[in-house]
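See structure below.
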Amino acid sequence: MRYKDFKDEISGALWSSPAKTEAVYSRVETPLGEVALLRGPSSTRTPIALADAWEDWVVTLTGVAEARVRDLGVPLYVGRKRLESGVEGELNGAKFSIRTHSSFRRSARIVSFDGLGITFTVHRLKVYVHEGDNCVATGVAGDWDIVTPSAAGIISICLFVWADMAHFLRTPFFRML
């Protein structure tokens with residue numbers, strides 16, 4: 001699976017704009033089948049949610065799993081801001097949360113899907129995906145090598161790419177530029 005395999009159904013300008021209605025924004029073919037991203041306006045109708053353009057995301061792995069992430073922001077700045085404070089979701093009814101931690105120390109940078117047991121770490125420019133104690137996938141420069149695919153692992157990798165969670169694994173110096 002490569003970054004170029006993520007087929008955007010929406011143009012680049014609309015990708016980083018708030019979703020006005022529910023629509024399929026992207027698709028990718030994976031070892032377990034096709035994964036599609038459906039983005040729509042958030043069901044939370046607070047002034048902050050409306051001002052920051054929060055969205056509800058639904059990621060479906062055809063016939064296998066469906067993940068719903070509530071109140072995630074538009075990709076890039078707002079999405080990163082929401083991820084810093086953590087977001088909640090559910091995968092086939094099982095609740096999970098996405099937590100990020102960034103640091104100057106490479107070993108302290110992590111993206112975790114609590115409740116699913118999936119973590120993303122970086123070591124020497126390579127992203128490692130761990131499911132429990134096992135390394136199930138690695139990513140280098142947009143190429144993903146998925147060793148033992150599971151529905152939760154595939155969906156978390158897709159969410160990682162679509163929500164640009166790699167931002168939290170980069171050195172903070174690059175983010176300041």
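Rounded if a/c is under 1.5, else prolate if a/b beats b/c, else oblate: with a ≥ b ≥ c from the C-alpha gyration tensor eigenvalues square-rooted, which is the stretch 79-176? Here the stretch 79-176 falls in the oblate category.
Comparing HIS123, HIS167, HIS101 in a Gaussian network model of the chain (Cα springs below 10 Å), the most mobile by mean-square fluctuation is HIS123.
Which shape class applies to the stretch 42-108: rounded if a/c is under 1.5, otherwise prolate when a/b exceeds b/c and oblate if not, where a ≥ b ≥ c are the square roots of the Cα gyration tensor eigenvalues?
On the way: a/c = 2.21, a/b = 1.13, b/c = 1.95.
The shape class here is oblate.
Treat every Asp and Glu Cβ in the chain as -1 and every Lys and Arg Cβ as +1, leave all other atoms uncharged, and give the resulting dipole magnitude about the Cα centre to the nearest 20 debye.
On the way: 21 positive and 20 negative charges, 147 e Å.
For the chain, the charge dipole is close to 700 debye.
In the stretch 104-177, which trypsin sites (Lys or Arg not before Pro) fall in coil by DSSP and have 11 or fewer other Cβ atoms within 10 Å?
Numbers: sites: ARG105, ARG106, ARG109, ARG124, LYS126, ARG170, ARG175; in loops: ARG105, ARG109, ARG124, ARG170.
When the trypsin sites (Lys or Arg not before Pro) of the stretch 104-177 are filtered for loop state and at most 11 Cβ neighbours within 10 Å, ARG105, ARG124 remain.
A DSSP coil position with no more than 15 other Cβ atoms inside 10 Å describes none of the chymotrypsin sites (Phe, Trp or Tyr not before Pro) in the stretch 46-81. Springs between Cα atoms under 10 Å define the GNM used for the chain, and in it the highest mean-square fluctuation of SER156, SER26, SER43 occurs at SER43. Once C-alpha pairs closer than 8 Å and six or more residues apart are averaged by separation and normalised to the residue number of the stretch 117-170, the relative contact order reads 23 percent.
Quote the relative contact order of the chain in percent (integer), defining contacts as alpha-carbon pairs under 8 Å separated by 6+ residues.
Details: 361 pairs, mean separation 28.8, N = 177.
Normalised by residue count, the contact order of the chain is 16 percent.
Ordering CYS135, CYS158 by accessible surface, largest first, gives CYS135, CYS158; the 1.4 Å probe counts only protein heavy atoms, with every chain in place. Among (i) 23, 20, 16; (ii) 38, 19, 13; (iii) 37, 16, 13, only one was calculated for this model; which label is it, if the read-out is semi-axes √(5λ) of the Cα gyration tensor in Å? Comparing each candidate, only (i) matches the computed number. Along the chain, counting only GluC sites (Glu not before Pro) with a DSSP assignment other than H, G, I, E or B and at most 16 other Cβ atoms inside a 10 Å radius, the longest segment between sites is 23-177. For the stretch 1-150, the number of Lys pairs separated by eight or more positions or lying on different chains, with C-alpha atoms closer than 22 Å, is 4.
Rounded, prolate or oblate: which fits the stretch 1-91, taking a ≥ b ≥ c as square roots of the Cα gyration tensor eigenvalues, rounded meaning a/c under 1.5, else prolate when a/b beats b/c?
Values: a/c = 1.94, a/b = 1.51, b/c = 1.28.
Here the stretch 1-91 falls in the prolate category.
Across the stretch 76-177, Cα pairs under 8 Å and at least six residues apart give a relative contact order of 21 percent. Accessible area per residue was computed with a 1.4 Å probe on protein heavy atoms; VAL87 scores about 0 Å². Ligands, DNA and RNA left out, the 1.4 Å accessible surface of the stretch 1-112 is 54% carbon and sulfur atoms. Comparing ILE154, ILE48, ILE98 in a Gaussian network model of the chain, where Cα atoms under 10 Å apart are tied by springs, the biggest mean-square fluctuation is seen for ILE48.
The values are calculated or read from the model by the stated rules, or taken from the named source; none is laboratory data. Given the structure is predicted, the values throughout are model-derived calculations rather than measurements. A quick note on method: Cβ atoms are made from the backbone with ideal geometry, for glycine too, and the neighbour counts reach across all protein chains shown. Only protein heavy atoms, including side chains, enter the accessible area calculation; ligands, DNA and RNA are left aside. Shrake-Rupley method; radii C 1.70, N 1.55, O 1.52, S 1.80 Å.
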